[in-house]
Amino acid sequence: MTSTLENESKEANTLKNGQPRPVKVELFSSERRRPPKKAGMEQHFGPTDPKIDALKLPVIGKPLTKLFKSRPFQFMMILPNQAIFWIVIIGGIIGGSYAMPAGENNFGTVITWFIWFCLIFIMIVGVGRAWCMMCPFGGFAEWVQRHTFWKRTIKPITANWKWPEKMAKFGILPAVGTFIFLTWIEEFFNIAGPGYPIFTSLMVLGIVATALTVMLLFERRTFCRYLCPLTGLIGSAGATGMVAGFRTRDRDKCLACQTKDCMRGSEKGYGCPWFEWPGSASSNLMCGLCTECMKNCPEDNVGLFLQPPLTSVIKPDRRRTDVGIAVVALLGLVVFQQFNALSPYQSLDNWLNSHTGFQFGAYGYPNPIDYLGIIALAALVPLLLTGIITLLVAKKTTTQVTETKDSGPRVVPSSGGVALLEAPVAQSTTKTVKTSQFKTWFVALAYGIIPLMASDYLARQLPKFLSNSPRIIAAISDPFDKGWNLFGTAKLHIANQHILLGNGVVVVQMVVVGIGLLASLYATNKIVKNELVQVSKNALATRAITLLYVLALGVAVGGLYYPMHAAF
Amino acid sequence: MTQVLDSKSKNGPLSNSLDSAHPSVRIIKEKCAGCQECVTRCPVGALDMDPHKWVALADSSICVGCRQCERTCPYGAIHVAGPMIVGPSGPLNLYHPKGLIGDVTEIRQGFTSWDEAIAEANRCLDCPDPTCMLGCPAHNAIPDFIAAIRAKDLNAAHAVLEKTSMWPDACSRVCDWKTQCEGSCTWSLAGGEPVAIGRLERFITDQMAVKDIEVTSDAAKGITVAIVGAGPAGLSAATQLVKAGAAVTIYERDRNTGGVMSWGIPSYVLPDQIVDRPIESLIKAGVTLKTGVALGRDIHIEDLKKQYSAVILTHGASTPIKLPLPGVDLAGVEDATYFLTNAKSELAKEKPEAIYDGANVVVLGAGNTAMDVARSARRLGAKVIAIDWMKEEFAKVRPDEIQEARDEGVKVNFGNTVESIVGQNGVVAGVVIRTTTQKSASQLPRLTKEPGTTHHCDKVILAMGYRVEDLGEAKLPKLPHPPQKPKGPIPDRRWIGSGILNSPYTKVGNLALARESMLEDARLPISDGIWAAGDVLVGPSTVVSAMAQGREAARALIEALSSPKSKKK
């Protein structure tokens, strides 16, 4: 009797996939393994496979390859930032005269809030996860976890917990949550105000301590992928970026690979700390640009690919719901930061504080109720508008839903008297259900407003940068507020100059948001054309209403800068 | 509702509830990177890819719960809950002697019918990435010979075995499958009952004897090789060399060949004709055998090097470990080799006598050799106690051998040690026994504070294990060097991908990987033109490891010395 546990081939000398059983005894015969599935591969990856491999470009390709293959590379990128942020931490604690206008020339304040928090958005929008490559928070924690600066060590110092399934379901949303929480802390203590330098130090120290704790508990860069306050922002806003990340040069080679050194690690490097696979990367959402995969690949099959800006906004076949929700939540957050600069907000906050007793000496702003409430309301706007759009123009569709119930295993006695179990027989019932198009439309259109959201964050940081960034010239000569003059620049007049003030700043802000708006209009138009028109009732109406929606959002967020009067 | 049958519990070790009668597969889409490590390995084809999200898709109704997908996933993105869909293993078919005296019938009978064998073979999933092959120290192509059983093709089965093993009839009797092939079976790795690979291999050799050796290539034509030691390593090396056309001379210290299999393993476990089969076949194929010739005494390595193209040293570890116990020199204290040799010759008689009738025998040690000693003593009429200082759960002996010994009336006492042997008039009268404790497998047992008790006995047999002889030429420089860990800082990723290192139920994968280093060691000559394999290379080990190392040493020798012009027939 033949067992129902037997494979498709009934003959002893044929393998499952129909190939003849190999004659040679090989421990890891690829002929035994099932061939990888490729159906839909072209359609899924075709649109997002970038064409330009920076490592194969003339002149710079070879030096870049050599640079990325060297183990100290990432350490060298992190080191300057690491030094800066430790000076920030120490400088804020030992320096920062409280008599002066708080933090105006303190190195920590200047470098963090007047320069870093603006430059980072340019990096995000232009490149993607460039900051992650050189991040001193995750970087520091990783040095401790690996107990080395750049060597390949074997036993990391960590409890090696896996990020729980219940949390993984939410993707980057917990990270958005930590960002919203951190921003509240930052507002409450007026850290970026700028406030007392020591608060900046403590905040940075807090981020480092959190990153370190999570890295010592969880495997690899779980912190960076799921919890870091910046990861939600960088990942979603970074979709506009031109660096696609480290990806496969030949996907068939990746599928045939027996070792998957890029994921598991090898003597040459660590397995991907970001839990990615170059063979299946189709957006720049999660590649942290750490270079471990291309160090590991035994086939030299990993390149650093470049893509036209907005590619990861427009093109991904797999749109993530968590990213969609993150985008509107982050938009809500930045809109709060615009709204809180307006006088009605002050009244609201004071009123709430007096009625909820949320006042601790001089500290009480922002009341968590108005903080979360305004963010939620602001996030609800694109949500509701998308809902209305869906109601108006989305085609009503139905889907076939198949439910499979199995009858349970059946016991079949063999003639030898030994009972065998036959695989259960599946009984399927298919029914037709109405599908809601809302999720499809919401997520697609949320991706479309990424450029607008990103530009709004950049614009929000501009007043600090434009009015106060020259202060760095003086601050570097006296990083700890001890009256030093290390480079002779502590008293330079130019440090008190402003690049731009007042209305000039507002104009720049609106221009920046305007550029973001144009990019969002462009992206939304493409997304609608590629994905939504076929599920809409009327192509023209759909294009019109979605572009109008984006325009309205853009005008609203950009317009807010006018009454804000370049507030910090 | 039909009951799911599996060995550990009603519903398998990982089921969520008593009602779950079927495994269910959960894929954490956020973590799945679409690498298809799981898809390409699923034995039953329950995994596919979602073409839109490029993540794995599972059809739980097909899943049998082997959990290979879970073990291979680099990012822990797939989980299986529920029972394993596989029936229980076939019967052991143990022979229970009515009267033990002089009975040398094989205790383990193996499968006795095609139906039993095929029913067992049907439990094999024919895995695309078989971990059983990794667990087998000789890397036998296990799924292939099991497939041949299903097809009732004994010739094909033997052809598969012959590639890697010259003694399948022995290995399928003496191997510790739990730490090797069966322990690495995907069902074992999932916490269940493995395919009875040992008994299936045995069934093949029971139904059709291993064929005589044939010369199949001339890759080693013109090469002359001296092999010192006719145990599993030496005979395996000789087989490999003869098949390739080499001229082989085997030097053996004892009168019989087979090494530990000849003097160490009793015939009710391993029948004599199986021990003798390979050397008979080798002699038929033209090998010269010189017995009664000892290394260092009658022959010297330097002379052999001059006489032959190459030398393979496989003289094993036959020196018994002797404890410096008070009273160890009393009359009536013997080492296991001496006892087993005498026991074997008595039991080989047509009407063996109960030469130890009524004697109280104490066996020091409860390892495999000690069990052989104890059971042989029982067959010669003795009352037997075996004493071992380790805690039973940490003991490395095969659990089925302990059970068989106990079934035959041997008292096996773990957690005890002999402090001294007491005598009267120069003859053994008793042993003083102390109790021990042991906290973990890696710690040595320690004496407790309890006072010793005296146990009266007439004979003490030392069966504490063996070591490589350390006198003269037999001791090789820097050997033995049993590798404790696999070579290289990071395991071969193909081993990692197979999932054998990633079972929450067993560490058998680590053992298998460490054994791999031994095979690599055997390939390297220990000096110019001299190879070593087996216990002499790695310390006291197993028959199958010795056989595999002998094969690899011979292969390496052939590669090193053969002319590039020779071609295979």
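I want to confirm something. Restricting to region B:141-157 and keeping residues that are open to solvent by 10 Å² or more (accessible area, probe 1.4 Å) and either under 27 Å from B:GLU516 (Cβ atoms) or not in a helix (DSSP H, G or I) (or both), which single residue is farthest from the other protein chains (Cβ to nearest Cβ)?
Kept after step one, since they are open to solvent by 10 Å² or more (accessible area, probe 1.4 Å), are these residues of region B:141-157: B:144, B:150-156.
Narrowing further to those that are either under 27 Å from B:GLU516 (Cβ atoms) or not in a helix (DSSP H, G or I) (or both): B:144, B:151-153.
Working: B:ASP144: 7, B:ALA151: 3, B:LYS152: 9, B:ASP153: 6 Å.
Across region B:141-157, the extreme among qualifying residues is B:LYS152.
Here is a check on your reading of the model: is A:CYS287 modelled with pLDDT of 95 or more, under 25 Å from the mean Cα position of the chain (by Cα), more than 10 Å from chain B (Cβ to nearest Cβ) and open to solvent by 10 Å² or more (accessible area, probe 1.4 Å)?
yes
Which residue out of B:VAL428, B:VAL432 is part of a strand (DSSP E or B) and crowded, with 19+ Cβ neighbours inside 10 Å? Give the derivation first.
Values: B:VAL432 fails: crowded, with 19+ Cβ neighbours inside 10 Å.
Matching residue, one of B:VAL428, B:VAL432: B:VAL428.
Which of the residues that make up region A:266-279 are in contact (Cβ under 8 Å) with a residue 40 or more places away in the chain and either part of a loop (DSSP other than H, G, I, E, B) or within 8 Å of chain B (Cβ to nearest Cβ) (or both)?
Passing the criteria: A:GLU267, A:LYS268, A:TYR270, A:GLY271, A:CYS272, A:PRO273, A:TRP274, A:PHE275.
Of the residues that make up region B:323-334, is at least one buried (at least 22 other Cβ atoms within 10 Å of the Cβ), of a type outside the set (Lys, Arg) and in contact (Cβ under 8 Å) with a residue 24 or more places away in the chain?
At the first step, the residues of region B:323-334 found to be buried (at least 22 other Cβ atoms within 10 Å of the Cβ) are none.
Within region B:323-334, none of the residues are buried (at least 22 other Cβ atoms within 10 Å of the Cβ), of a type outside the set (Lys, Arg) and in contact (Cβ under 8 Å) with a residue 24 or more places away in the chain.
Quick check on B:GLY82: is it over 23 Å from A:ASP261 (Cα atoms), at pLDDT 90 or above and open to solvent by less than 10 Å² (accessible area, probe 1.4 Å)?
When the stated conditions are applied, B:GLY82 passes them.
Are any of the residues in region A:171-185 touching a residue at least 40 places away in the same chain (Cβ under 8 Å), outside any helix (DSSP H, G or I), open to solvent by 20 Å² or more (accessible area, probe 1.4 Å) and in the same structural domain as A:ILE122 (by TED's automatic domain parsing)?
Here is the first cut: in region A:171-185, the ones touching a residue at least 40 places away in the same chain (Cβ under 8 Å) are A:171-176, A:178-184.
Add one more test, that the residue is outside any helix (DSSP H, G or I), and what stays is A:171-172.
Those left that are additionally open to solvent by 20 Å² or more (accessible area, probe 1.4 Å): none.
Among the residues of region A:171-185, not one is touching a residue at least 40 places away in the same chain (Cβ under 8 Å), outside any helix (DSSP H, G or I), open to solvent by 20 Å² or more (accessible area, probe 1.4 Å) and in the same structural domain as A:ILE122 (by TED's automatic domain parsing), which makes the answer no.
Report, by residue number, each residue of region B:364-398 that is open to solvent by 40 Å² or more (accessible area, probe 1.4 Å) and farther than 18 Å from B:GLN443 by Cα.
Within region B:364-398, B:ASN368, B:ARG378, B:LYS383 meet the criteria.
Taking interchain pairs and intrachain pairs at least six residues apart, which have beta carbon atoms under 7 angstrom, with the first residue in region B:51-62 and assigned by TED's automatic domain parsing to the domain that holds B:ILE28 and the second charged (D, E, K, R) and part of a loop (DSSP other than H, G, I, E, B)?
Sorted first by the residue in region B:51-62, then by its partner, the pairs are B:HIS52/A:ASP317; B:HIS52/A:ARG318; B:LYS53/A:ARG318; B:LYS53/B:LYS29; B:TRP54/A:ARG318; B:VAL55/B:LYS29; B:LEU57/B:ASP50.
Can you pull out every residue in region A:474-508 that is buried (at least 19 other Cβ atoms within 10 Å of the Cβ) and β-branched (Val, Ile, Thr)?
Hits for region A:474-508 are A:VAL505, A:VAL506, A:VAL508.
For region B:139-197, how many residues are in contact (Cβ under 8 Å) with a residue 60 or more places away in the chain and of a type in the set (Lys, Arg)?
2
Within region A:73-98, can you find the residues that are surrounded by fewer than 17 Cβ atoms within 10 Å (Cβ to Cβ) and touching a Lys or Arg at 6+ places or on another chain (Cβ under 9 Å)?
A:ILE94
If you go through region A:29-65, how many residues are part of a loop (DSSP other than H, G, I, E, B) and within 14 Å of another protein chain (Cβ to nearest Cβ)? Walk me through it before giving the result.
Applying the first criterion (part of a loop (DSSP other than H, G, I, E, B)) to region A:29-65 yields A:29-40, A:49-51, A:57-60.
With the extra rule that they be within 14 Å of another protein chain (Cβ to nearest Cβ), the set shrinks to A:29-40, A:49.
Qualifying residue count, region A:29-65: 13.
Just to be sure, is B:ASN360 open to solvent by 40 Å² or more (accessible area, probe 1.4 Å) and under 22 Å from B:PRO232 (Cβ atoms)? Lay out the reasoning, then the answer.
On the way: open to solvent by 40 Å² or more (accessible area, probe 1.4 Å): yes; under 22 Å from B:PRO232 (Cβ atoms): no.
In short, no.
Can you go through A:THR386, A:THR356, A:THR398, A:THR311 and tell me which one is open to solvent by less than 40 Å² (accessible area, probe 1.4 Å), at pLDDT below 95 and away from chain B (no Cβ under 14 Å)? Quick ask: steps written out before the conclusion?
On the way: A:THR386 fails: at pLDDT below 95; A:THR356 fails: open to solvent by less than 40 Å² (accessible area, probe 1.4 Å); A:THR398 fails: open to solvent by less than 40 Å² (accessible area, probe 1.4 Å).
Only one candidate qualifies: A:THR311.
Which ones in region A:145-186 are among the β-branched types (Val, Ile, Thr) and over 23 Å from A:ASP322 (Cα atoms)? Let's see the steps before the verdict.
If we filter region A:145-186 for residues that are among the β-branched types (Val, Ile, Thr), which is where we start, we get A:148, A:153-154, A:157-158, A:172, A:176, A:178, A:180, A:183, A:185.
A:THR148, A:THR153, A:ILE154, A:ILE157, A:THR158, A:ILE185 - these are the residues of region A:145-186 that are among the β-branched types (Val, Ile, Thr) and over 23 Å from A:ASP322 (Cα atoms).
Any idea how many residues of region B:108-138 are at pLDDT below 95, closer than 22 Å to B:VAL544 by Cα and open to solvent by 10 Å² or more (accessible area, probe 1.4 Å)?
2
Please identify the pairs in which a residue from region A:488-510 that is in contact (Cβ under 8 Å) with a residue 24 or more places away in the chain has its Cβ atom under 6 Å from the Cβ atom of a residue that is open to solvent by 80 Å² or more (accessible area, probe 1.4 Å), counting only partners at least 6 apart or on another chain.
Qualifying pairs under 6 Å: none.
Could you go through region B:191-202 and let me know if any residue there is modelled with pLDDT of 95 or more, open to solvent by less than 10 Å² (accessible area, probe 1.4 Å) and out of contact with any helix residue (DSSP H, G or I) (no Cβ under 8 Å at 6 or more places or on another chain).
yes
Any idea which of A:ALA244, A:ALA256 is within 10 Å of chain B (Cβ to nearest Cβ) and aliphatic (A, V, I, L, M)? Give the derivation first.
Details: A:ALA244 fails: within 10 Å of chain B (Cβ to nearest Cβ).
Step by step, each of A:ALA244, A:ALA256 is checked, and only A:ALA256 is within 10 Å of chain B (Cβ to nearest Cβ) and aliphatic (A, V, I, L, M).
Report every pair of residues separated by at least 6 positions or lying on different chains whose Cβ atoms are under 6 Å apart, first residue within region A:511-540 and open to solvent by 40 Å² or more (accessible area, probe 1.4 Å), second not in a helix (DSSP H, G or I).
So the pair list comes out as A:LYS537/A:LYS395.
Quick test for you: out of A:ILE191, A:ILE172, A:ILE207, A:ILE180, pick the one residue that is among the β-branched types (Val, Ile, Thr) and within 14 Å of chain B (Cβ to nearest Cβ).
Checking each option against the conditions leaves just A:ILE172.
Mind counting the residues in region B:167-186 that are among the basic types (Lys, Arg) and open to solvent by 20 Å² or more (accessible area, probe 1.4 Å)? Steps first, answer last, please.
Restricting attention to region B:167-186, the residues satisfying the condition of being among the basic types (Lys, Arg) are B:173, B:178.
In the following step, the residues that additionally are open to solvent by 20 Å² or more (accessible area, probe 1.4 Å) were identified as B:178.
The total comes to 1.
The values are calculated or read from the model by the stated rules, or taken from the named source; none is laboratory data. Keep in mind that this is a model prediction, so the values were computed, not measured. Neighbour counts are summed over all protein chains in view; Cβ atoms, including those assigned to glycine, are modelled from backbone coordinates with ideal geometry. The area values use the complete protein model at the heavy-atom level, side chains included, leaving out ligands, DNA and RNA. Shrake-Rupley method; radii C 1.70, N 1.55, O 1.52, S 1.80 Å.
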